[in-house]
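Q: Let me begin by handing over the structure; questions about it come next.
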Amino acid sequence: MLAVTTVIAQPPSTKSKNDQAIEKQIRQLNTDEHDAFMKNDADALAKIWSDDFVVTNPFNQFVSKQQVLALVKNGVLAFKSYERNIEYVKNYGDTVVVAGTETCVWGGKIPIAGQESKLRFTQVWRKQSGKWQEVTRHANMVPPAQVKPAL
């Protein structure tokens with residue numbers, strides 16, 4: 001199993017100490033979320049996610065926290081391997097936006113178990129009742145051999 005959260009090398013930070021501290025907390029929460037998925041720990045995920053958490057998942061479905069937790073508990077949503085690469089973290093006060101890529105091999109009872117997928121994701125975290133919680137996530141599968149336009 002590969003359980004890695006990587007950091008892309010960036011130029012020296014011009015972020016405030018507060019922004020750096022918040023980014024560190026959000027990165028740790030991402031690691032905690034990853035680890036909870038790898039352990040099929042729905043209780044840990046429930047603590048990380050806001051009660052109003054919603055996801056547009058890689059299968060083009062819009063699902064609630066309770067629906068995702070049920071998939072984890074029922075063994076449908078599981079991973080054989082899962083790597084998350086955070087490329088962007090931006091603090092907007094009580095809201096933080098995170099974006100990056102993921103590579104996973106699906107496990108569990110999902111119809112594509114055993115297959116690898118490359119994903120692009122965006123998350124939104126909010127400070128709620130004194131703690132950071134993930135409130136929304138969008139993830140989509142990146143098609144193979146996607147042509148990257150020149151920027």
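The values are calculated or read from the model by the stated rules, or taken from the named source; none is laboratory data. These numbers were taken from a predicted model, which means no experiment stands behind them. We place every Cβ from the backbone using ideal geometry, glycine too, and count neighbours over all the protein chains shown. We work out accessible area using only protein heavy atoms, side chains counted, and drop any ligands, DNA or RNA first. Shrake-Rupley method; radii C 1.70, N 1.55, O 1.52, S 1.80 Å.
Q: Any idea how far apart Tyr92 and Glu116 come out in nm if each label point goes 7 Å out from Cα toward Cβ?
A: 3.5
Q: Classify region 48-151: rounded, prolate or oblate, from the alpha-carbon gyration tensor (a ≥ b ≥ c, eigenvalue square roots; a/c under 1.5 rounded; otherwise prolate if a/b is larger than b/c)?
A: oblate
Q: Given a 1.4 Å probe, how much area per residue of the chain is accessible, in Å²?
A: Accessible surface, normalised per residue, equals 58 Å².
Q: I want to check the label-to-label distance for Thr14 and Lys80. Put each point 7 Å from Cα in the C-beta direction and report it in nm to one decimal.
A: 4.6
Q: Which entries in the list Lys47/Lys109; Lys47/Lys80; Lys15/Lys131 go over 30 Å, if you measure between the two C-alpha atoms of each?
A: none
Q: Show the residues, 5+ positions off or on another chain, whose built amide H is closer than 5 Å to the amide H of Thr136.
A: Residues meeting the amide H criterion: Val54, Val124.
Q: Taking amide H positions as placed in the peptide plane 1.01 Å from N, state which residues far from Gly107 in sequence (5 or more) or on other chains have amide H under 5 Å from it.
A: Amide H neighbours of Gly107, under 5 Å, 5+ apart: Ala78, Phe79, Lys80, Gly114.
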